[in-house]
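Have a look at the structure below before the remarks.
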Amino acid sequence: MAAPLCALASRTQRSARAELAQRLAGSLTPSLARGQAGVGRRWCGDAARQKSTHFGFQTVPEGEKAARVYKVFESVAGRYDLMNDAMSLGIHRLWKDALLRVMNPQPGLRLLDAAGGTGDISFRFMAYTRSVHEQKLRRRARSNQTPSWQDITASYSSEGAGPPQSRAVVCDINKEMLKVGKGRAEEAGITTGVSWVVGDAEELPFDEDQFDVYTIAFGIRNVTHVEQALQEAFRVLKPGGRFLCLEFSQVSTPLLSKLYDAYSFQVIPVLGEVIAGDWKSYQYLVESIRRFPNQETFKGMIEEAGFARVQYINLTGGICAIHSAFKL
């Protein structure tokens with residue numbers, strides 16, 4: 001009976017993901033299609049037992065969570081960036097800037113921006129690497145105030161060649177979020193260096209050892225199996241590559257915790273209703289933060305996935321944290 005039961009569970013899992021697969025139809029790249037073909041291999045035994053998971057404070061079958069999360073972000077995509085500013089009073093921009101300072105990327109690196117949504121991290125990555133290159137040129141010019149004609153010729157040659165090409169891949173399961181991100185890129189005149197791929201953080205449509213840096217900002221708490229997403233991050237990073245996660249976490253002081261809870265549950269859903277016309281989605285987002293592991297627990301999960309030198313930095317009293325690790 002074990003084999004028929006496992007097959008039935010696999011069919012049940014595929015059925016539960018059918019709505020999500022239909023939404024992605026027509027947008028899958030060939031590589032993603034290959035990745036989706038492997039979905040059935042996930043935890044067949046778990047599916048046979050009909051495991052449940054959390055969706056905010058609700059308990060739902062594991063197979064339903066991805067489609068529910070998809071609907072949340074499909075609903076809020078058009079006002080997502082505006083709501084980020086409103087909910088955090090603009091502080092999310094400082095947190096993302098802090099992530100780039102910790103990363104300190106150099107020109108020529110390849111970034112995977114998982115659950116990258118509207119492209120905030122990728123845009124910052126491209127701007128940062130460009131700034132690093134420009135700073136190097138300025139320092140070179142200052143250190144060579146009376147250059148020889150050979151130095152001048154060499155500098156013209158190097159400037160004409162341009163900096164090493166940095167590249168960012170924004171990968172998100174939600175087409176609507178990517179559509180907003182592409183629009184932002186066009187408005188900003190970003191025409192090269194950033195690509196957009198529909199893909200699941202738990203089943204990334206990329207080969208092994210492809211990226212120098214993997215980031216996931218405010219996205220990992222929304223996946224069904226956090227452990228699987230971490231394993232996928234490890235798989236696609238090159239040896240020596242860096243994992244960086246920016247995510248809401250556990251507040252470190254009791255007074256701030258009480259104020260934060262009051263603001264989260266009494267203000268943020270109201271803002272969601274007023275600005276985005278969607279109370280329920282922002283109620284879920286607030287609840288999902290409370291269900292995510294604390295800093296130390298998440299650090300242990302990253303280590304279990306195979307990463308080394310795992311550290312974290314608290315931001316704004318622990319409201320969010322940056323976890324950093326390396327594939328060694």
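Each value in this text was obtained by applying a stated rule to the coordinates, not by laboratory testing. Every value quoted in this text rests on a predicted model; they were computed, and no experiment measured them. Quick reminder, even Gly has a Cβ in these numbers, built from the backbone with ideal geometry, and neighbours come from all protein chains shown.
Brief remarks on what is shown
- Over 27 Å between alpha carbons, listed pairs K71/K182; K96/K136; K258/K327: K258/K327
- Integer Hz, Karplus 6.51/-1.76/1.60 couplings in order for region 184-191, x for Gly and Pro: 4, 4, 5, 5, 7, x, 8, 10
- Under 18 Å from the Cα of K179 - aspartates and glutamates, other chains or at least 8 residues apart: E74, D81, D113, D120, E187, D200
- Candidate aspartates and glutamates - alpha carbon under 13 Å from K51, same-chain residues fewer than 8 apart omitted: E62, E64
- Net charge of Cβ neighbours under 14 Å - reference R101; Lys, Arg +1; Asp, Glu -1: +3
- Sum of side-chain charges, S131 neighbourhood, beta-carbon under 11 Å (Lys, Arg +1; Asp, Glu -1): +3
- Cut-off under 5 Å, modelled amide H: who pairs with Q250 long-range: Q295
- Length added when fully stretched, T297-A127, from 0.36 nm per residue minus Cα-Cα: 57.9 nm
- Calculated log₁₀ intensity ratio I(q)/I(0) where the Debye formula runs over C-alpha points of region 282-328, q = 0.13, 0.18, 0.32 Å⁻¹: -0.34, -0.61, -1.13
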